[in-house]
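Visitor: First the structure, then my questions, so here it is.
The values are calculated or read from the model by the stated rules, or taken from the named source; none is laboratory data. Computed from a predicted structure; not experimentally measured. Glycine also receives a Cβ, built like all others from the backbone with ideal geometry; neighbour counts cover every protein chain displayed. All accessible areas refer to the heavy atoms of the entire protein, side chains included, with ligands and DNA or RNA removed. Shrake-Rupley method; radii C 1.70, N 1.55, O 1.52, S 1.80 Å.
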Amino acid sequence: MLIENYAKEKNITLQTIKANWLEHAQVNLNILRLDELHKIVSGNKWFKLKYYLQDAKIKGFDTIATFGGAYSNHIIATAFACEQEGLKSIGIIRGEKPEQLNSTLIKAQEYGMQLKFMSRAEYKNKEACKQQLRNVYWINEGGYGAFGVKGACEIVTLVKDINAYTHIVCAMGTGTTLAGIIQASTPVQKIIGISAMKGNAALTQQVKQLLLPQYSDKQFCILHDYHFGGYAKYNPELISFMNEVWHKHNLPTDFVYTAKTLYAIKHLITTNAFTPCCKILMIHTGGLQGNLSLPPGTLPF
Ligand SMILES: *Cc1c(COP(=O)(O)O)cnc(C)c1O
């Protein structure tokens, strides 16, 4: 399948971060650069989509439909992956149709996605939305579900010496990616999810529901204190952190997920939450196209 070929071809790199704060804590930090998969299409979303698209084809569907916000990484990834796979796609977009489409939606359309706008009230009732379209294969918002987890497990296989890591850290929206990482990790590895939302208390249960029975006892930890005001919210401190990370490490991050995750890691390390000799793997889940929603000139990359 194309997504896999891409992963091989692009030779996703593992970036070692060198910084005083890491040296001081005697902690290692490597970053799996899934953002390198594609400039526009986000890293983890491809993995989550793979088995849904396969299932849709097996079941004889020619059209995929899914949900997302106007800057959704999932929407653009679905549009692109469907185009690659020769499937039609429909995106149900939250909110009224704007006079001018943003960059994400223009791109999604270019990849052949048909956009349908729903008011926020309508959008809340997913089942009613689904009734409006027949003979399409539905994928949950954010790719939440068992097939998403199955694909996310494969992220971990990109790292050769994965067993060398004591901790794996990943940003969370629906928790599907984290569930895949939990299942693919060794029993002794500690898995930490950084929630992109403010006070999403349901997240732990949401992840547990996704885990196959044999993994249901596996421990994981979700941190809820790094949302910077809420989902897709930011402040000057976050932006200046992103700028610093770019200048010092040549590492681009997105303001919704990966910048907050790396910020969390740095904060945890500088407050001695990790003992010396810990080896941390952060999954860079991509999402860079979302930065286009920031005012022009906010970021240098
Ligand atoms: C969607 C997304 C996530 C969250 O993934 P979930 O599987 O929904 O938890 C994290 N990072 C980026 C960049 C994303 O686009």
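Visitor: Excluding ligands, DNA and RNA, what is the solvent-accessible area per residue of the chain at a probe of 1.4 Å, expressed in Å²?
Guide: Per residue, the chain has an accessible area of 46 Å².
Visitor: Using a 10 angstrom cutoff on alpha carbons, build the Gaussian network for the chain and name the most mobile of L158, L210, L178.
Guide: Top of the fluctuation ranking is L158.
Visitor: Quick one: if the Förster radius is 25 Å, what FRET efficiency do T270 and A201 give, using the C-beta to C-beta distance and rounding to 0.05?
Guide: 0.40
Visitor: Compare I58, I92, I191 in a GNM of the chain, Cα atoms joined below 10 Å, and give the one with the largest fluctuation.
Guide: Among I58, I92, I191, the largest GNM mean-square fluctuation belongs to I58.
Visitor: Now, a different point. Using helices alone, I'd like the mean residue ellipticity at 222 nm for the chain: each DSSP H run of four-plus residues gives -39500 (n - 2.57), total over residue count, nearest 500.
Guide: It lands at -11500 deg cm²/dmol.
Visitor: Quick one: which residues, 5+ away or cross-chain, put their amide H under 5 Å from the amide H of I222? H built at 1.01 Å from N.
Guide: Result for I222 returns G193.
Visitor: Connecting C-alpha atoms closer than 10 Å in a GNM of the chain, tell me which of D254, D35, D161 has the biggest fluctuation.
Guide: Evaluated over the chain, the most mobile residue of the options is D161.
Visitor: Counting only protein heavy atoms, what percent of the accessible surface of the chain is carbon or sulfur at a 1.4 Å probe?
Guide: 51
Visitor: Measure out, as a whole number of angstrom, how far apart the alpha-carbon centroids of the range 27-58 and the range 90-159 sit.
Guide: About 16 Å separates the Cα centre of the range 27-58 from the one of the range 90-159.
Visitor: Where does each of S293, S240, S185 land when they are ordered by accessible area, with a 1.4 Å probe and the largest first?
Guide: The most accessible residue leads, giving S240, S293, S185.
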